[in-house]
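The values are calculated or read from the model by the stated rules, or taken from the named source; none is laboratory data. On a predicted model such as this, the values are computed, not experimentally measured, just so you know. Neighbour counts are summed over all protein chains in view; Cβ atoms, including those assigned to glycine, are modelled from backbone coordinates with ideal geometry.
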Amino acid sequence: MRQKIVAGNWKMNTLIEEGAALAKNIADRINEVPSDVQLILAPPFTHLDRVNGIIKGTAAALSAQNCADKDKGAYTGEVSAAMLASTGCKYVILGHSERREYYHETSATLNDKMALALANGLKPIFCVGEKLEEREAGRHFEVVGAQIREVIFNLSPEQLAQVVIAYEPVWAIGTGKTATSAQAQEIHAFIRKTLAEKYGALSEEISILYGGSCKPSNARELFAQKDIDGGLIGGASLKADDFIAIAQSY
């Protein structure tokens, strides 16, 4: 059975006290979430140690939103994978469309980040997805396939087994638009088929999350699809009620 996952990407939101209150609200209600669903919280870097202390001992896991592509050294403002692991992080989000778009992250950069994350015991949540113009041009399979092959295909089977993939239709992030369940299933199935080209049956064991304006009103339909194993949640993860409701959609 593939792991069911609901991960909350807080992005650059909440001050430390606000984040601590949100984490506590979620932690206090974690018994309302099905036991086979892994909850993951990804607060800003500044909150990691505080949030880890709040969720420690619960079934929730801590994730960072990014990591550096260098191990250590004179890289002002960067945070290494080893530093993240020392805060209690178990996961790290890599390749999010906002990082690719605003900070010009390339597959070469992401290969370095993936290697460092895995070497430091972090499980990468690796994001792929197409922009609106790419979807409208019918290039979504081409774009997502290239993102998988240029990074994921460099991993050994043992490394891939530690990775979660998140499909984000970039045109649906923060826009209120959502891929239909059929559209989402189609490309999740394509991702799994692409993985099978290199990794065979292992592709059936990899969790693939949907990450595009997933909310309580559409989560149940999305999660019912054969190849969708949960969600990478943005805005709805900033409200405990919504986040818990999404996790309950299973």
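None of ASN52, ASN31 is surrounded by fewer than 18 Cβ atoms within 10 Å (Cβ to Cβ), outside any loop (DSSP other than H, G, I, E, B) and modelled with pLDDT of 95 or more except ASN31. For segment 204-235, what are the residues that are assigned to a helix (DSSP H, G or I) and either closer than 12 Å to VAL164 by Cβ or not small (Gly, Ala, Ser) (or both)? Result: GLU204, GLU205, PRO216, ASN218, ARG220, GLU221, LEU222, PHE223.
When segment 151-163 is examined, which residues are found to be closer than 23 Å to SER63 by Cβ and either surrounded by 13 or more Cβ atoms within 10 Å (Cβ to Cβ) or basic (Lys, Arg) (or both)? If the condition is that a residue be closer than 23 Å to SER63 by Cβ and either surrounded by 13 or more Cβ atoms within 10 Å (Cβ to Cβ) or basic (Lys, Arg) (or both), then VAL151, ILE152, ASN154, LEU155, GLN159, LEU160, ALA161, GLN162, VAL163 are the ones that fit. The residue pairs whose first member lies in segment 196-212 and is under 13 Å from MET1 (Cα atoms) and in contact (Cβ under 8 Å) with a residue 40 or more places away in the chain, whose second member is among the aromatic types (Phe, Trp, Tyr) and not in a helix (DSSP H, G or I), and whose beta carbons are closer than 7 Å, counting only pairs six or more residues apart or on different chains, are ILE208/TYR167. Filtered by the rule that a residue be out of contact with any strand residue (DSSP E or B) (no Cβ under 8 Å at 6 or more places or on another chain) and surrounded by 15 or more Cβ atoms within 10 Å (Cβ to Cβ), segment 123-138 gives GLU130, LYS131, GLU134, ARG135. Residue check: is ALA179 surrounded by 23 or more Cβ atoms within 10 Å (Cβ to Cβ), farther than 30 Å from ALA68 by Cβ and not charged (D, E, K, R)? In short, yes.
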